[in-house]
Amino acid sequence: MRAAVVLGFVALVTAMASTQAAEREQALIMDLRDDARRFDAVARTQASSMEMAEARERFAAHLREAARLKLKNEEFLKFAEIFVLSGGGVEHIKPWKDDQPGEMERNLIRGIVAHGSGDTTRAEAILLSIDARSLDAVRGGHLALVQALLAARTDAERAFSYYGLARLLLPGTLVEEAALRQSIVLAGEKLRAQEFAEAALAYIRRFDTSTFAGDAETRIVSYLPRFEDADGAAILELMLEARPMGFGRCPVCFLTEVAQRGVLSGRRSLALLATGKGLALVENDAPQKQRLILYQAAIEIVTDKYERSSDTLKSLDPEGFDADDAALLSASLQLARKLRETPKPLSDEVALAGNRGGNRAFLGDKRVMEARAAVANADLVLQRER
């Protein structure tokens, strides 16, 4: 009788422990789903770096607990795969990687581990052979994003296709945000104007409040002047049509930076569009106003607005600018003086510049190019990322 009671008690304790383990397993799965949702929320909100780090650590902590409890539900492997694909450490996938009977799953894990370990060649060989559409949408979207990053090294067309797939599988998430941001980079590097415009437009329409919007804006600013002047101006025009009052945390700041890069790169149309829109939006006492006035005058000094631009340049105080803008002001004033000394009518020079189509060399013929030589020292100061 006593033995039966003991056995019954042991069975009861075992059943309770089993129930508690099952409950904890389900609770951890729910926690991990919540972790993934919270991390995705970064795509549309302004989160601090500390908040992002805390969200990632919470995700990792729940995976570590599942591993410590030796929980075998396949959901934990899926969450571990997502975590590693999004930049987490490969140690989080190891507790489950040896228990997979299917060859495709084992192959996927090998590729993810290679990617997380920095073995790009092996990761590319394995992961690019897997169809992301054969997985659930969450893993498939993360995989497609990684596939795009891998393919971008050698095959831009394939990379753009993967970025598009990632967006389709996980719209509105951090994966789509990253796919658009990386598409901007790839299109900028390859000078693909259409793809750049599409990605930039989609980004400002869908993710202009993202934590990473500042990074996207910086990349757009740096790449716009790399395109032919007409293409860069057309892209900016499309962006301004989509967001007439500007976009990002500081629309005037964005336009000011575009204008500066346009001037330094000789992109006349781009610079004039940015300065014109920027001046229409800027407050009178904003620090960007004087910079925009400088950039506009620096471009228009070689047009039929020479007199007005020359007077504007003379009215600007170099003490109010940083070293780069002060050097630009000095160079523009020297150019204005040289142009005034040029015996050929300025209107002819402007016509020559217009006939040449307005790329980098928009300053006219040989005598005007001599004016450029007169400010060569200032140009050296101004040479930054072009």
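Just a few scattered comments:
- Using alpha carbons only: equivalent-ellipsoid semi-axes of the stretch 132-287, gyration tensor based, whole Å: 30, 17, 11
- Amide H contacts of Ala47: Thr211, each under 5 Å away and 5 or more positions distant or on a separate chain (H built 1.01 Å from N in the peptide plane; Pro and chain starts excluded).
- Residues in the stretch 250-259 carry Karplus couplings, in order, of 8, x, 5, 4, 4, 5, 5, 5, 4, 4 Hz; the curve used is 6.51 cos²θ - 1.76 cosθ + 1.60 with θ = phi - 60°, and Gly or Pro positions show x.
- Whole-Hz ³J(HN,Hα) from phi, Karplus 6.51 cos²θ - 1.76 cosθ + 1.60, for the stretch 46-59, glycine and proline x: 8, 10, 6, 4, 5, 5, 5, 5, 5, 5, 5, 5, 4, 4
- The stretch 213-288 pair-distance distribution - Cα-Cα, 5 Å bins, rounded %: 3, 18, 30, 28, 16, 4, 0
- Global geometry of the stretch 123-208, whether rounded, prolate or oblate, following the gyration tensor of its Cα atoms and the 1.5 cut on a/c: oblate
Each value in this text was obtained by applying a stated rule to the coordinates, not by laboratory testing. Note that the structure is a prediction, hence the values are computed from the model and not measured.
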